[in-house]
Amino acid sequence: FEKKGYIYTNILGDTLYFCIVKNNSAATVEVKGEASAKDAAGAVLGVNDSRIHVLAPGETSIMSFYFHDVSAPDSVDCKLTYDTSPYYLPVINNIAMEQTINDRNLTIVATNKGSINAQFVEAYALFFDAEGNIVSYTTGYLTDKDFEIKPGASIAEQLDAYENFDHVECY
C-alpha cells in the first residue's frame, strides 16, 4: 500500500488523523488500520481503528481515526493489515467525479459508470491552507433512497468548508 497521513485538531481539542491509502497490490482487499497518537517522547496518547471495506488494485480511499481529548499530538503511527476476502464488490474505479471548487465549498457530482449498484458511497473533502495544513473537513453520502448510486445515475453533494482554504482534496 501507498499511504499518506494528515493530522487535524479541531476547536474542541480532539484530533483526527486522515490516512489516504492506495492499493498497489494485484488483489482486491479489505484494509484495516490501527492508529496511535503519540507525544514528542513517543508516549501513546490515544488509539483508534478504522477500515476500508473494499479496495481494488489501483484504487485510492481514505480512513479516518478519531482521538477524543487528544490535542495536537506530535505524530500518529498507523499500521495497516488486509484481508483478501472482502464482503463488498469494488466500485471506486467505476465512479466518475466532477468537482467544482467554490470559495466556501466543494460541489461534486458522482456518476456510476459501472454495471453494478454502488452502495454506501461516501465522499470526504479535506480543505487545506497554503502550507498544506488541514483547516476544515467534511463528509457526505452520495446515495439515493436505497443508499446506492445505480448504474448510469448521478448524485450531487455539496461539501462545505468552515474556514478559508487554499485547496481541497476529495476522496
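The values are calculated or read from the model by the stated rules, or taken from the named source; none is laboratory data. None of these values were measured; they are calculated from a predicted model. Heads up, the Cβs are rebuilt from the backbone with ideal geometry, glycines too, and the neighbour counts pull from every protein chain shown. To get the accessible areas, we keep the full protein, side chains included, count just its heavy atoms, and leave off ligands, DNA and RNA. Shrake-Rupley method; radii C 1.70, N 1.55, O 1.52, S 1.80 Å.
Here are some notes:
- Enumeration of residues in segment 118-139 that are over 13 Å from the mean Cα position of the chain (by Cα) and either without any contact (Cβ under 8 Å) to a residue 24 or more places away in the chain or open to solvent by 30 Å² or more (accessible area, probe 1.4 Å) (or both): Gln119, Phe120, Asp129, Ala130, Glu131, Gly132, Asn133, Val135
- Qualifying residues in segment 34-50 (those that are in contact with a strand residue (DSSP E or B) (Cβ under 7 Å, 6 or more places away or on another chain) and either assigned to a loop (DSSP other than H, G, I, E, B) or of a type in the set (D, E, K, R) (or both)) - the one most open to solvent (accessible area, probe 1.4 Å): Glu34
- Residues that are more than 14 Å from Asn102 (Cα to Cα), touching a residue at least 40 places away in the same chain (Cβ under 8 Å) and either within 12 Å of the chain's Cα centre (by Cα) or in a strand (DSSP E or B) (or both), drawn from segment 140-171: Ile149, Ser154, Ile155, Ala156, Tyr171
- Ile134 vs. criteria of a type in the set (Val, Ile, Thr) and more than 18 Å from Leu16 (Cα to Cα): no
- Residue check for Ile108: open to solvent by 80 Å² or more (accessible area, probe 1.4 Å) and β-branched (Val, Ile, Thr): no
- Within segment 56-93, the set of residues being open to solvent by 40 Å² or more (accessible area, probe 1.4 Å), over 19 Å from Pro151 (Cα atoms) and polar (S, T, N, Q) comprises Thr60, Ser71, Ser75, Thr81, Thr84, Ser85.
- Check on Ala96, under 18 Å from the mean Cα position of the chain (by Cα) and surrounded by fewer than 20 Cβ atoms within 10 Å (Cβ to Cβ): yes
- As a summary of the residue check, Phe65 satisfies the conditions (1) out of contact with any strand residue (DSSP E or B) (no Cβ under 8 Å at 6 or more places or on another chain); (2) modelled with pLDDT of 95 or more; (3) under 20 Å from Phe127 (Cβ atoms); (4) of a type outside the set (A, V, I, L, M) except for the one numbered (1).
- Options Tyr87, Tyr82; residue that is in a strand (DSSP E or B) and aromatic (Phe, Trp, Tyr): Tyr82
- Residue check, Asp103 over 27 Å from Leu12 (Cα atoms) and exposed (fewer than 13 other Cβ atoms within 10 Å of the Cβ): no
- On the stretch given as segment 12-22, residues that are open to solvent by 40 Å² or more (accessible area, probe 1.4 Å) and hydroxyl-bearing (Ser, Thr, Tyr) total 0.
- Being modelled with pLDDT of 95 or more and open to solvent by 30 Å² or more (accessible area, probe 1.4 Å) holds for only one residue in Thr9, Thr28, and it is Thr28.
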